[in-house]
1. Which whole-number percentage describes the relative contact order of the chain, with Cα contacts under 8 Å and a sequence gap of 6 or more?
2. Could you tell me how many degrees, from 0 to 90 and to the nearest 10, lie between the Cα long axis of helix 218-232 and the main elongation axis, the longest principal axis, of the Cα atoms of the chain?
3. Would you order Thr217, Thr120, Thr75 from fewest to most other beta-carbon atoms within 10 Å of each residue's own beta-carbon?
4. Need one number: % antiparallel among DSSP beta bridges in the chain, to the nearest 5.
5. Could you check the simple spin-label distance between Ser151 and Gln180, using points 7 Å along Cα→Cβ, in nm with one decimal?
6. Suppose the chain between Glu223 and Glu57 were pulled fully straight at 0.36 nm per residue; how much longer would it get relative to their current alpha carbon spacing?
7. Report, in debye and to the nearest 20, how large the dipole of the range 69-132 comes out about its Cα centre when Lys and Arg carry +1 and Asp and Glu carry -1 on their Cβ.
8. Rank Gly132, Ile195, Pro240 by how far each Cα sits towards the positive end of the charge dipole of the chain (+1 on Lys, Arg Cβ; -1 on Asp, Glu Cβ) and give me just the farthest.
Amino acid sequence: IFLAFFLKKEAQETTKSLNSTDQQDEWILSYEPVTQQKIDYVRPIVILGPMKDRILEDLIQDQPQKFGVCIPHTTRAPRANEVHGALGSYYFIAMEEMKRQKDLGLFFEVGIHNENLYGTSINSVKAVSSKGLHCVLDVRGDAIPELQKKSIYPIAIYIKPKLSYRRGMNVLDEKIVWLQELNKRLTHDACIKIIQQGERVSAEFADCFTASVTGDTIEEIEESVLHVIKLHGGSEPWLPSGEMIP
């Protein structure tokens, strides 16, 4: 059984799409073998694309009975008001120990900031799942294949700009208008940066997306996100089989 992915050529050619006034979308059809598999965990959630921070925040705040967050690790020293292992804080760990655990493959995401390591462990995601909650992850796109290597398949949702194909307006301008209608505080330059980042993510990780959604308002986008989670959040989802296409 094969799952079809429709990938926009504009997402693979960021520079061309940003400078072009051509409003004809070209689609590339590719396939990945999938099978329906039984899983024993609640799938984590990854959201990428424009306005992802707002959507993630709303999921956690509006439906705490369905969504939770995990506790990351860091090698920096705790601050005065921070408690080891508390929600909203960190697991504070020695540098050598975190490097050792990283080498053992216990983390799916590790970064460095001000000479300290920060990372999210597989066990921290499983701890949220064990409570019957979807773990909402604020991660980069490259975390998705790393999770999949650990046999954890997140529901990965990409938020794409909604195009109305208004006469006399090019694709870039339409995307800027869409973003500024969602967040009126965004400047023109900020919109371009967000669009460029989103297109790079889409070009590199489109084959990892469970679905893509869009909408005219934050409420519409959130409704679509919740629909995707409901559709793919069961105990027997369709997941990549790992087989090669003959």
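1. Values: 400 pairs, mean separation 73.2, N = 246.
Over the chain, the number comes to 30 percent.
2. Helix 218-232 sits roughly 60 degrees off the main axis of the chain.
3. Details: Thr217 11, Thr120 23, Thr75 19.
In increasing order of surrounding Cβ atoms, one gets Thr217, Thr75, Thr120.
4. Details: 18 of 31 bridges.
Antiparallel: roughly 60 percent of the beta bridges in the chain.
5. 5.1 nm
6. Working: separation 166, 0.36 × 166 = 59.76 nm, distance 1.42 nm.
Working it through step by step, the gained length comes to 58.3 nm.
7. Working: 7 positive and 6 negative charges, 35 e Å.
Value, rounded to 20: 160 debye.
8. In the chain, that residue is Gly132.
Every number here is computed from the coordinates shown, using simple stated rules; none is lab data. Computed from a prediction, not measured in an experiment: that's the story for all the values here. All Cβ positions, even for glycine, are placed from backbone atoms using ideal geometry, and neighbour counts span all protein chains on display.
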